[in-house]
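A quick write-up on the structure given underneath.
The values are calculated or read from the model by the stated rules, or taken from the named source; none is laboratory data. Predicted model only: the values in this text are computed from it and were never measured. Heads up, the Cβs are rebuilt from the backbone with ideal geometry, glycines too, and the neighbour counts pull from every protein chain shown. These accessible areas exclude ligands, DNA and RNA; they are computed on the full protein's heavy atoms, side chains included. Shrake-Rupley method; radii C 1.70, N 1.55, O 1.52, S 1.80 Å.
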Amino acid sequence: MRDLAPIVVVIACFQLLVFRQPIPDLANLLFGTLQVVIGLTLFVQGLKMGLFPIGESMAHDFASKGSLLWLVLFAFALGFGTTVAEPALIAIAGEAARVAALGGMIAQSETEMASYADGLRYTVAVSVGLAIVLGVIRIIKGWPVQYLIISGYAGVVVMTAFAPEEIIGIAYDSGGVTTSTITVPLVTALGVGLASSIRGRNPMTDGFGLIAFASLTPMIFVMAYGMLL
């Protein structure tokens, strides 16, 4: 309720003081807000009870097993699977397909729009999977995160100069929507658990940073997707 309070206050102030109109359908609005409060509460508790512990325990098991191949395969599958299921990405991909059809970039048919949206989703999912693999290898090897991030954003800047204008905004937004409700908890738990399980690694300095890779690589891959199309 504390987290939602600023949003409620802003909407109420603009509606009553700027537009000078009563809030429409107040009863349903209050009921919907109550549902959001309950949903967020259950979601946060679920993260604490389920997703964070299982991510950390699996990272510890892989480190104990000492199999780099299985760890890399798990990291890719985790990044790919959580991103494909990400509600924010599904919404953005669908909206991008609709606008692309209206703009004449693709045919205005359900099949073409679905194909375009799926292409975006799977492109982003593959990029996040590879990003998590890179992040896991970085933790194992102890590479400094800042040099990898600087190199990645240099690549983003270079590709921006060559990518089609219509895809650049979508590519940049793709980097943000991947790091949402499903991806962040599991990927963070994986990084912290892995860094905690490897001797000589600090969970605070080495365990975090995977989300940065997951935000960076979709921009590059989606611009490449636009250039290929």
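Miscellaneous remarks
- Dipole check for the chain: with +1 at the C-beta of Lys and Arg, -1 at the C-beta of Asp and Glu, and the Cα centre as origin, the magnitude is about 760 Debye.
- P(r) of the chain over all Cα-Cα pairs, binned every 10 Å from zero, in whole percent: 8, 26, 27, 24, 13, 2, 0
- Structure remark: mean-square fluctuation, Gaussian network model of the chain, C-alpha springs under 10 Å; the largest value among Leu30, Leu71, Leu42 belongs to Leu30.
- C-alpha center-to-center spacing [the stretch 126-203, the stretch 45-83] in angstrom: 16
- Mean separation of Cα contacts under 8 Å, 6 or more apart, over the residue count of the stretch 1-155: relative contact order %: 20
- Highest-MSF residue in the chain out of Asp25, Asp206, Asp173 [GNM, Cα springs under 10 Å]: Asp25
- Apportionment of accessible area to carbon and sulfur, the stretch 60-100, percent (1.4 Å): 75
- For the chain, adding -39500 (n - 2.57) for each run of n ≥ 4 DSSP H residues and dividing by the number of residues yields -25500 deg cm²/dmol at 222 nm.
- Averaged per residue, the stretch 1-79 has 76 square angstrom of accessible surface, using a 1.4 angstrom probe with ligands and nucleic acids left out.
- Sulfur and carbon atoms: percent of accessible area, the stretch 112-160 [1.4 Å]: 70
- Solvent exposure of the stretch 157-229 as accessible area per residue, Å², 1.4 Å probe: 45
- Mean Kyte hydropathy of 1.6 or more with a Cα span along the axis of at least 15 Å, helices from DSSP in the chain: 26-46, 68-84, 145-162, 210-228
- Cleavage-rule hits, trypsin sites (Lys or Arg not before Pro), the stretch 136-229, DSSP coil, Cβ neighbours within 10 Å at most 10: Arg199
- Assigned charges on the beta-carbon of Lys, Arg, Asp, Glu; the stretch 132-229 dipole about Cα centre (debye): 540
- Local electrostatic count, Pro203, Cβ distance below 15 Å [Lys/Arg +1, Asp/Glu -1]: +1
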